[in-house]
Amino acid sequence: MRERRRKIGFVGCPPEEVLAPRRKHELIDLDNLIEGVPSRSESLLPSTTCRIIRRVLDNALALELDEIVVDEGMGKCDSARGLVEVLAGLLDVPIVRTRNDNRDGAGTPICDCDLPLWQKMELILEGLVSPRAMNLKPQPRPRAAIWGVPAADFAIYRLFPDSTKILGWTRCLENRTPDNWELEMYVPEGVPTVFFAQTFCPKNAVAQHLARKHNGLHLDVDGVMSQPVRAKIEAFLRFRKVWD
């Protein structure tokens, strides 16, 4: 009898050996925005919870999943590890707890290529669900860089020039080594860099530190990018002569 195609949600960057056998089913990245999902997390989580953790909970409650796979290792945050307990208490769904301690990097060709930044981010996230080989042109002299985690609002990425280098945890994500602190802290000298994290994310501490160290711009955003944040990015890129 043919196996029923199940709907499986995942959080973070679970190990490849855990994701690979599940790709024959409908695999859904619960960190990502899914249109039409109602917001129920406001009444279930503290007000100081970051937008991505709220999104994971909203998606998990709305999508009628058959299984949830969570990377609760050091490559993810304490909030995500705590969220597993919330999900287990609210849903009658099997939850697979994993830890991605991989050290064999898959490479960062997307982070370092010459494509528009928003497209690069989409390719990295899509690659978790459906990996595919791509012929990408590397850009050895990027005009700008962005460090951090994937933003809740992708509009932020359209403010940057093509070939903007991707750093931080997002770089670790493409490399499939989410718990690689050395790679996450890598910042090339002399490249104007925006250091980004979601509001209430603990990574803001190191983001602000790195911004001071590398003469960059530190930003945190809660959900949709505001006009003041847009203005700060535009001013920084012009001041650093990224744009003429």
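Only the coordinates and a few stated rules stand behind these numbers; no lab work does. These numbers come from a predicted model, not from an experiment. Please note: Cβ atoms are built from the backbone with ideal geometry, for glycine as well, and neighbour counts cover all protein chains shown.
If only the Cβ of Lys and Arg carry +1 and only the Cβ of Asp and Glu carry -1, the dipole of region 57-211 around its Cα centre is close to 680 debye.
Placing a pseudo-label 7 Å from each Cα along the Cα-to-Cβ vector at Ser47 and Glu16 gives an inter-label distance of 4.5 nm. The slack in the chain from Arg97 to Met185, taken as 0.36 nm per residue of separation less the alpha-carbon distance, amounts to 29.1 nm.
In terms of the Cα gyration tensor, with a ≥ b ≥ c the square roots of its eigenvalues, is the chain rounded because a/c is under 1.5, prolate because a/b exceeds b/c, or oblate? List each step's numbers first, then the result.
Details: a/c = 1.92, a/b = 1.47, b/c = 1.30.
Judged from the Cα gyration tensor, the chain comes out prolate (a/c at least 1.5, a/b above b/c).
Dividing the convex hull volume of the alpha-carbon atoms in region 72-153 by its residue count gives 144 Å³ per residue.
For the chain, give the share of DSSP beta bridges that are antiparallel, in percent and rounded to the nearest 5; count only bridges with both residues there.
Numbers: 1 of 25 bridges.
The answer is about 5 percent antiparallel.
Which of rounded, prolate, oblate describes region 45-112, given a ≥ b ≥ c as roots of the alpha-carbon gyration tensor eigenvalues and a/c under 1.5 marking rounded, otherwise prolate only if a/b is larger than b/c?
Working: a/c = 1.92, a/b = 1.61, b/c = 1.20.
Since a/c reaches 1.5 and a/b is larger than b/c, the shape of region 45-112 is classed as prolate.
Residue separation of Arg6 and Val224 scaled by 0.36 nm, minus their Cα-Cα distance, works out to 75.3 nm of gained length.
Between the C-alpha center of region 1-64 and that of region 189-203 there is a gap of 25 Å. Here the alpha carbons of region 1-60 define both size measures, Rg and Dmax, at 13.9, 48 Å. Applying 0.36 nm per residue to the separation of Ala62 and Ser39 and subtracting their alpha-carbon distance, the gain on full extension is 7.4 nm. What shape does region 109-244 take by its C-alpha gyration tensor, where a ≥ b ≥ c are the square roots of the eigenvalues and a/c under 1.5 counts as rounded, a/b above b/c as prolate, and the rest as oblate? Rounded is the answer for region 109-244, as its axis ratio a/c remains below 1.5.
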